[in-house]
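The values are calculated or read from the model by the stated rules, or taken from the named source; none is laboratory data. Computed from a prediction, not measured in an experiment: that's the story for all the values here. Counting neighbours? That spans all protein chains shown, and the Cβs are built from the backbone with ideal geometry, glycine included.
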Amino acid sequence: MKILVRTNKKFFKQIKFFYFLIFLVLLILFQSIIFALPAPRIPIILKQPNGIEFKAMRGGDEWFNWISHENYLIIKGNDGYWYYSNIERGILVPNQARVGIELPPFRSASINDLRKVKKSYERLFKGGCPLYEERMK
């Protein structure tokens, strides 16, 4: 009987070790999904080149993110100004209205339009679309 008990203890240790290895492999394979966190919804202060400051909100996670001002999606243009955005062929593009200086145009993209934009960016970037990280530089 003692031999059977020792064998069972050894067997259970091997089973525990086997499950631990499976857990580690799954953790390594799916770490990007496990550690995906939403961006904190805290206001940030952005500044236009002419010195005007305005409050904006960051949203999303590391795969899909955006910046909004009063629920309108905004984008930094090549000239350094922040603009309200429009959706053209599923992609956010800046329009002529500068944030904090002019009122947003009637057809500006809002947070409600994010589903349209997300689908297009997922097709283009195969799962990731950092909207604000590339514009914050």
**Request:** Identify the residue in region 76-108 that is out of contact with any helix residue (DSSP H, G or I) (no Cβ under 7 Å at 6 or more places or on another chain) and of a type in the set (Gly, Ala, Ser) and, among all such residues, is nearest to Phe54 (Cα to Cα).
**Result:** Gly100
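Residue-by-condition table, conditions (1) in contact with a Pro (Cβ under 7 Å, 6 or more places away or on another chain); (2) among the hydrophobic types (A, V, I, L, M, F, W, C); (3) within 14 Å of Val117 (Cβ to Cβ):
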site	(1), (2), (3)
Ile52	no, yes, no
Trp63	no, yes, yes
Trp66	no, yes, yes
Ser85	yes, no, yes
Asn95	yes, no, no
Arg98	no, no, no
**Asked** Could you say whether any residue in region 42-50 is surrounded by 10 or more Cβ atoms within 10 Å (Cβ to Cβ), charged (D, E, K, R), assigned by TED's automatic domain parsing to the domain that holds Trp82 and at pLDDT 75 or above?
**Response** yes
